[in-house]
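Enquirer: Have a look at this one before I ask anything.
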Amino acid sequence: MNRVLKVWNATENAIIGLLLIIALLMSLYDMFGRIIDPKLVTGYSEEVVVYIIVWALFIAASKLTQEGRHVRADLIIQMLPLSGRRMAELFHCFVGLTFSGILFYYSYLAAFEAWDFGDLSAGTLRMPLWIFYAGLPVGFGLVVLRYLIKIWALCFQFTPALLDHHAAES
């Protein structure tokens with residue numbers, strides 16, 4: 001399982017990095033194109049850059065979940081005894097799982113509806129909107145999986161190190 005998580009983390013990092021590099025290169029191309037010769041400007045790169053950044057953002061949400069970097073009340077939780085911290089972390093995971101599951105479901109419906117209706121963007125590219133919307137269910141699906149893994153580990157493979165979110169940073 002540990003090996004699968006390492007591959008998963010490396011794959012997410014590579015995808016996020018690649019997406020952001022592509023977005024940066026597209027933005028730079030358009031920026032220098034405006035300076036050098038306005039005919040070089042694509043006219044659609046701004047739209048694509050937004051799509052890419054949204055996808056990268058929602059994939060990164062999975063990584064944030066795994067590392068415990070979402071907004072949380074750490075100060076109060078760290079004052080609790082070990083069993084209290086474990087219960088608080090389990091509660092946090094179940095709330096996060098429920099919230100992410102609901103968002104996954106409704107974002108899937110939105111993406112499917114955009115695909116079913118053939119919705120297109122209003123920009124120059126007229127890109128199918130389901131591609132943009134699909135980033136949400138993918139991201140929230142990954143977050144749901146991360147919460148399930150955390151709940152499993154807290155219930156069946158518990159060690160105090162699981163509650164040390166600062167160790168995930170190293």
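Enquirer: Restricting attention to segment 53-76, which residues are in contact with an Asp or Glu (Cβ under 7 Å, 6 or more places away or on another chain), farther than 20 Å from PHE94 by Cβ and either surrounded by fewer than 14 Cβ atoms within 10 Å (Cβ to Cβ) or not aliphatic (A, V, I, L, M) (or both)?
Expert: LYS63
Enquirer: Take the conditions hydrophobic (A, V, I, L, M, F, W, C), over 22 Å from ASN9 (Cα atoms), in contact with a Phe, Trp or Tyr (Cβ under 8 Å, 6 or more places away or on another chain) and part of a helix (DSSP H, G or I) and apply them to ILE131. Does it pass?
Expert: On the way: hydrophobic (A, V, I, L, M, F, W, C): yes; over 22 Å from ASN9 (Cα atoms): yes; in contact with a Phe, Trp or Tyr (Cβ under 8 Å, 6 or more places away or on another chain): yes; part of a helix (DSSP H, G or I): yes.
Here the answer is yes, as ILE131 does meet what is asked.
Enquirer: Do we find a residue being exposed (fewer than 14 other Cβ atoms within 10 Å of the Cβ), over 18 Å from the mean Cα position of the chain (by Cα) and closer than 20 Å to ARG146 by Cβ anywhere in segment 19-29?
Expert: no
Enquirer: Among residues belonging to segment 80-130 that are of a type in the set (Ser, Thr, Tyr) and modelled with pLDDT of 95 or more, point out the one that is farthest from TRP55 (Cα to Cα). Write out each step before concluding.
Expert: Narrowing segment 80-130 to residues of a type in the set (Ser, Thr, Tyr): 83, 98, 100, 105-108, 121, 124.
From the residues that got through so far, the ones that are modelled with pLDDT of 95 or more too are 98, 100, 105-108.
Values: THR98: 22, SER100: 16, TYR105: 17, TYR106: 17, SER107: 13, TYR108: 14 Å.
Going through the qualifying residues, I end up with THR98.
Enquirer: Considering only residues that are over 26 Å from VAL4 (Cβ atoms) and in contact with a His (Cβ under 8 Å, 6 or more places away or on another chain), which ones fall in segment 66-76?
Expert: Of segment 66-76, the ones over 26 Å from VAL4 (Cβ atoms) are 71, 73-76.
Residue satisfying the conditions is ASP74 alone.
Enquirer: Please identify the pairs in which a residue from segment 131-149 that is of a type in the set (Lys, Arg) has its Cβ atom under 6 Å from the Cβ atom of a residue that is buried (at least 21 other Cβ atoms within 10 Å of the Cβ) and in a helix (DSSP H, G or I), counting only partners at least 6 apart or on another chain.
Expert: Cβ pairs passing all conditions: ARG146/SER62; ARG146/THR65.
Enquirer: TYR147: surrounded by 14 or more Cβ atoms within 10 Å (Cβ to Cβ) and of a type outside the set (Asp, Glu), yes or no?
Expert: On the way: surrounded by 14 or more Cβ atoms within 10 Å (Cβ to Cβ): yes; of a type outside the set (Asp, Glu): yes.
Judged against the criteria, TYR147 is a match.
Enquirer: Scan segment 75-125 for residues that are of a type in the set (S, T, N, Q), in contact with a Gly (Cβ under 9 Å, 6 or more places away or on another chain) and in a helix (DSSP H, G or I) and report the count.
Expert: 2
Enquirer: Related question: Taking segment 20-42 only, how many residues are in a helix (DSSP H, G or I) and either in contact with a Phe, Trp or Tyr (Cβ under 6 Å, 6 or more places away or on another chain) or among the polar types (S, T, N, Q) (or both)? Write out each step before concluding.
Expert: Step one: filter segment 20-42 for residues in a helix (DSSP H, G or I), giving 20-36, 38-40.
When the remaining residues are screened for being either in contact with a Phe, Trp or Tyr (Cβ under 6 Å, 6 or more places away or on another chain) or among the polar types (S, T, N, Q) (or both), the result is 27.
Counting residues in segment 20-42 that are in a helix (DSSP H, G or I) and either in contact with a Phe, Trp or Tyr (Cβ under 6 Å, 6 or more places away or on another chain) or among the polar types (S, T, N, Q) (or both) gives 1.
Enquirer: Checking the structure you have, find out if any residue of segment 110-131 is closer than 17 Å to LYS63 by Cα, within 20 Å of the chain's Cα centre (by Cα) and surrounded by 15 or more Cβ atoms within 10 Å (Cβ to Cβ).
Expert: Looking through segment 110-131, none of the residues is closer than 17 Å to LYS63 by Cα, within 20 Å of the chain's Cα centre (by Cα) and surrounded by 15 or more Cβ atoms within 10 Å (Cβ to Cβ).
Enquirer: Any idea which of (1) buried (at least 18 other Cβ atoms within 10 Å of the Cβ); (2) touching a Ser or Thr at 6+ places or on another chain (Cβ under 8 Å); (3) closer than 17 Å to VAL54 by Cα is the one GLY135 doesn't satisfy?
Expert: The number of the failed condition is (2).
Yes/no per residue for (1) under 13 Å from the mean Cα position of the chain (by Cα); (2) over 21 Å from ALA153 (Cβ atoms):
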| site | (1), (2) |
| --- | --- |
| VAL4 | no, no |
| ILE16 | yes, yes |
| ASP37 | no, yes |
| THR42 | no, yes |
| VAL54 | yes, yes |
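The values are calculated or read from the model by the stated rules, or taken from the named source; none is laboratory data. The model shown is predicted, which means the values in this text are computed figures rather than measured ones. Quick reminder, even Gly has a Cβ in these numbers, built from the backbone with ideal geometry, and neighbours come from all protein chains shown.
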